[in-house]
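The values are calculated or read from the model by the stated rules, or taken from the named source; none is laboratory data. Keep in mind it's a predicted model, so treat the numbers as computed, not measured. Glycine also receives a Cβ, built like all others from the backbone with ideal geometry; neighbour counts cover every protein chain displayed.
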Amino acid sequence: MSILIRANEQIGTLDDGKLTDAELKAQIMTFMAAGHETTSSTMTWMLHIFSIHPDVQRKVRQEMLRNIGLPTKDNKCPLSYDTLNALPYLNACVKELLRFIPPVPNISRVATHDDKILGYDIPKGTHIVLSAAALHKLKSVYGDDAEEFKPERWMDPTTLTEEQRGTTKFVTSDMSWAYIPFLTGPRNCIGSKFATIETKILLYYLLINLEYAPAPGFKFTPVARVTMKPSPGMQLIVKRFLDSGNDNNNNNSNSSGATVVGP
């Protein structure tokens, strides 16, 4: 934000492209909401998904430990952009989470000129609302299991079993119009790659150290605001994960647990 303000101060006039105070405020609010709120929401839902799908949680952790390993005294951060992007199951889980529960469920755009879409007249200045939450669950696009969390739909079919291939409708490039967690086109999210790699980094440290299970008796309701949030929050049972050579929930964690509350 400070870089934006300083850069704006160096521009002479509005005619030269200087932002007004109102525009500057709007941009700063966008950075705060898009750069913090969305990632927080994504992490909350990702940990919830891991808690109710322990097999998925275990597979992601195993992939991380097998291909990256644990931090060491000499290498406290063994991560790199390339190593994180070379984890196919983690990548599939992040993509599927953004499909299953898009951080921004509804997106609006303003028509810059008169147009006609599917026979409907769209006058210039019309506010058009796109529902990513609805679009991402279209069974005509994603198959009958569109309302299920299924990372396999994003994976290379050759890496899966014959049974998995037979029950999975894989995502292909011609389905990209129905996947808009970061929108698309010239006004898509400029922070999409940053947000994705940030999510993977956070998941690495959260999964190699901790494991997650649902909090007994806790109930929540998804609420669509600017971002999709659980109300009245999210509670999970969190235990320290102790690696003893294999990832087994009963043998690799201590007996004590704690409850964490998400946004």
Quiz item: In region 69-81, is there at least one residue being touching a residue at least 24 places away in the same chain (Cβ under 8 Å), surrounded by fewer than 19 Cβ atoms within 10 Å (Cβ to Cβ) and of a type in the set (Phe, Trp, Tyr)?
Solution: yes
Quiz prompt | Any hit, region 135-157, residues being modelled with pLDDT of 90 or more, closer than 30 Å to Asn75 by Cβ, of a type in the set (Asp, Glu) and touching a strand residue (DSSP E or B) at 6+ places or on another chain (Cβ under 9 Å) | solution = no
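So which of Lys193, Lys200, Lys124 is surrounded by 14 or more Cβ atoms within 10 Å (Cβ to Cβ) and either without any contact (Cβ under 8 Å) to a residue 40 or more places away in the chain or under 25 Å from His48 (Cβ atoms) (or both)?
On the way: Lys193 fails: surrounded by 14 or more Cβ atoms within 10 Å (Cβ to Cβ); Lys124 fails: surrounded by 14 or more Cβ atoms within 10 Å (Cβ to Cβ).
Within the list Lys193, Lys200, Lys124, the selection yields Lys200.
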Practice problem: Would you mind stating whether Ser108 is farther than 24 Å from Thr38 by Cα, free of Cβ contacts under 8 Å to residues at least 40 places away in the same chain, under 20 Å from the mean Cα position of the chain (by Cα) and surrounded by fewer than 11 Cβ atoms within 10 Å (Cβ to Cβ)? | Solution: no
Quiz item: Condition test on Ala146, is it touching a residue at least 12 places away in the same chain (Cβ under 8 Å) and crowded, with 16+ Cβ neighbours inside 10 Å?
Solution: no
Practice problem: Find the residue count for region 200-227, including only residues that are part of a loop (DSSP other than H, G, I, E, B) and modelled with pLDDT under 90. | Solution: 3
Quiz item: Looking at (1) in a loop (DSSP other than H, G, I, E, B); (2) free of Cβ contacts under 8 Å to residues at least 40 places away in the same chain, which is the only condition Pro102 fails?
Solution: (2)
